[in-house]
């Protein structure tokens, strides 16, 4: 007989599969006999206000679990909340632990990225400090794939599948008139280029893939870009280039921050990173005389549940369940991780790391996976991403529209 | 025994289902015993250069037909080519008819929108003039749904399904933090608001739908917009508004052309219609102090084959086949049309109209279907769009990626 209740929260930016992890936490907790499984609304900021829901009110059947797995965005809502250091300010910790006691919560699960793992590490350390037996576990989540200590992160596979599929469609779209033109596709990714790199998977039997990738890992150089485009246009009229929103020059400026210097302004004088594609299309038009069109892949990158990777959905679910299992086995202050055993056939195993090791670290694309001369990623990088997009899980469609679960 | 060969071309902007019409033309032509079925590359501009392919080289099986139906963008390439009036300049007509004779082509099919129907009408009239028995038939195509004489246009249903699904995902995405914010979604649509109107279908059992639609049929008024947003924000923190790129003020200026006056400039001083969402987010931020994010639905609106309407794919296929059947029955200078018999259950029949009646006319949303006070469309409008998005046709997936047919 398990003592005490469980609570689960979601934090940071949503993904298309973050609710699959929530479903995984719920199912394993329920299957192991935990009676009450609370959800906190809007992560820790809702927790502090005791904004709880009883998840059994929403998830009543196997069908509900499947619907939740197919629901994008954070079912419970999210927050961007950073805990202070408890050695300097323990008041919020005292509040949190009094609430945990009030609801007889012994297991605390937090689905999120670096900042969320910072919270898991701090709460677990504080529990040690005060001799509490409450266990805190992290479930990894981010479309950016920038979490350290894990081979990859749930959310990345589906974002990759979305980006690669859309880029393939843009490649088809861009060439219809048979005239010269560059489509500039802008992905998310401030410091790590994993999302832009995923567009290389558009290279398939029936598609040459994008022509050029600009990644934040590589300092952007105007001369190199100018020359590389001229090289490509020798053989091709229709070009598609994919850029991370966060590409920077050697001086460390985001491209959009360069705007003043180059006499190009963001529409309202803001240094919005969203201006990267617009900056490049302007450069291509004015400096090279090439017809261009920008395509900014917006929030669909993190919420396109209409095209997800079944591998990703399943792994997100497994990550949630594994966190519960580890907590029941006595673990705390850990995050669930994946280890790659083989690319082809794709095999991983599930392990744990200290949440503190993940907090505040950003994993970038390894240098040796980047082809700086041509502006591309290596076959090894493609082989790494490829298995993460395999398989589909179609939404439940009602009257032609995807159905979702909601609070 | 059918005499002579057939040729088919695609013109204007692509859609997710324009190749389903191509497949329909091919299948009915082949099934009726037409021997050679040519495809012209890049529409009439490729025709004049005799850039032909033999479609039987590409479509060899039922599986190929299914793959072609699932391939977005124009398989044969496209063009924007306008024929002159033959009474003032008949030289290009003489050239076209000499090429038709050279290849023994008796049936000419053109898949496209208003401009393409202008070509069909002119070529057919010229054939009459010179006593030619070559038949010219138009197959309707446009995501904009602005073709007259037909209940709706192939391409619109899939674009609607894409837009409504993505807007539903954006609604979920926008509310995760529980804080006030407006997501401004910009759809295509220069003069007709059909695409923006389709976002109203995001209103389902589990979703309230977008909060406000700004359509080009209604003159945009700053005071009305200001007051309407203030009304909505009384009850809601997370708001999603959908705007057509072509909304205009009462003075007839596109919003982006208003920029100078309002001291907001398009990034490079161009009057690009793409600036409409950016203009509104700026207004919301600076005039109303609301956090905003813009989401510009780019070329995916016309090329997202990863989420299409089965109804639309099937109707596009039927439209292609019906054009062939009509031509074989002796028709020329006509476009295939749909007539709505009933919304629920959804029933249509297929008919013909004169291509000349479609050319140069734009069908807008009827005035009585627009709720100008609240910025929305009527239930009747929703009932009209709803059946067009029903059903799915999943891509053929290989290694996690949609597969397409290519020349």
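The values are calculated or read from the model by the stated rules, or taken from the named source; none is laboratory data. Note that this is a predicted model, so its numbers are computed, not measured. Cβ placement follows ideal geometry from the backbone for every residue including glycine, while neighbour counts extend to all protein chains displayed.
Below, the figures for the structure above:
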{"quantity": "Verdict on residue B:338 being surrounded by 24 or more Cβ atoms within 10 Å (Cβ to Cβ), within 19 Å of the chain's Cα centre (by Cα) and more than 12 Å from chain A (Cβ to nearest Cβ)", "calculated": "no"}
{"quantity": "Cβ-Cβ under 9 Å pairs, at least 6 apart or on other chains, the stretch A:380-401 side at the interface with chain B (Cβ under 8 Å from one of its Cβ atoms) and at pLDDT below 95, far side buried (at least 22 other Cβ atoms within 10 Å of the Cβ) and assigned to a strand (DSSP E or B)", "calculated": "A:394/A:402"}
{"quantity": "The stretch B:345-358, residues that are farther than 17 Å from residue B:124 by Cβ and either modelled with pLDDT under 95 or assigned to a strand (DSSP E or B) (or both)", "calculated": "B:346, B:347, B:348, B:349, B:350, B:351"}
{"quantity": "Given (1) in a loop (DSSP other than H, G, I, E, B); (2) modelled with pLDDT of 95 or more, index of the condition residue B:185 fails", "calculated": "(1)"}
{"quantity": "Wholly enclosed strands (runs of 3 or more DSSP E) of the stretch A:45-158 bearing at least 3 residues at pLDDT 95 or above and out of contact with any helix residue (DSSP H, G or I) (no Cβ under 7 Å at 6 or more places or on another chain)", "calculated": "A:52-54, A:105-112"}
{"quantity": "Criterion violated by residue A:107 - all others in (1) surrounded by fewer than 19 Cβ atoms within 10 Å (Cβ to Cβ); (2) away from chain B (no Cβ under 14 Å) satisfied", "calculated": "(1)"}
{"quantity": "Number of the condition not met by residue B:72 [criteria: (1) within 14 Å of chain A (Cβ to nearest Cβ); (2) closer than 24 Å to residue B:122 by Cα; (3) under 21 Å from the mean Cα position of the chain (by Cα); (4) buried (at least 22 other Cβ atoms within 10 Å of the Cβ)]", "calculated": "(2)"}
{"quantity": "Residues satisfying the stated conditions in the stretch B:191-215, i.e. under 15 Å from the mean Cα position of the chain (by Cα), surrounded by 24 or more Cβ atoms within 10 Å (Cβ to Cβ) and more than 12 Å from chain A (Cβ to nearest Cβ)", "calculated": "B:193, B:194, B:195, B:196, B:197"}
{"quantity": "Leading residue by the ranking (farthest from the other protein chains (Cβ to nearest Cβ)) among those in the stretch A:364-379 that are in a loop (DSSP other than H, G, I, E, B) and touching a residue at least 40 places away in the same chain (Cβ under 8 Å)", "calculated": "A:372"}
{"quantity": "Selected residue [without any contact (Cβ under 8 Å) to a residue 60 or more places away in the chain and within 26 Å of residue B:16 (Cβ to Cβ)] from B:133, B:144, B:115, B:148", "calculated": "B:144"}
{"quantity": "Those residues of the stretch A:172-190 which are under 21 Å from residue A:286 (Cα atoms), surrounded by fewer than 22 Cβ atoms within 10 Å (Cβ to Cβ) and more than 10 Å from chain B (Cβ to nearest Cβ), in sequence order", "calculated": "A:180, A:181"}
{"quantity": "Complete set of residues in the stretch B:278-300 that are more than 10 Å from chain A (Cβ to nearest Cβ) and in a helix (DSSP H, G or I)", "calculated": "B:280, B:283, B:284, B:287, B:288"}
{"quantity": "Looking only at the stretch B:31-44, and only at residues there that are on the phi < 0 side of the Ramachandran plot, within 27 Å of the chain's Cα centre (by Cα) and not in a helix (DSSP H, G or I), the one that is farthest from the other protein chains (Cβ to nearest Cβ)", "calculated": "B:37"}
{"quantity": "Residue within the stretch B:115-123 that is surrounded by 17 or more Cβ atoms within 10 Å (Cβ to Cβ) and within 14 Å of chain A (Cβ to nearest Cβ) present", "calculated": "yes"}
{"quantity": "The stretch B:41-79: number of residues that are in contact with a strand residue (DSSP E or B) (Cβ under 7 Å, 6 or more places away or on another chain) and farther than 23 Å from residue A:238 by Cβ", "calculated": "2"}
{"quantity": "Some residue of the stretch B:313-328 being in a loop (DSSP other than H, G, I, E, B) and either surrounded by 24 or more Cβ atoms within 10 Å (Cβ to Cβ) or away from chain A (no Cβ under 14 Å) (or both)", "calculated": "no"}
{"quantity": "Test: residue in the stretch A:250-270 that is modelled with pLDDT of 90 or more and at positive phi", "calculated": "no"}
{"quantity": "Yes/no for residue B:161 being assigned to a helix (DSSP H, G or I), within 14 Å of chain A (Cβ to nearest Cβ) and touching a residue at least 60 places away in the same chain (Cβ under 8 Å)", "calculated": "yes"}
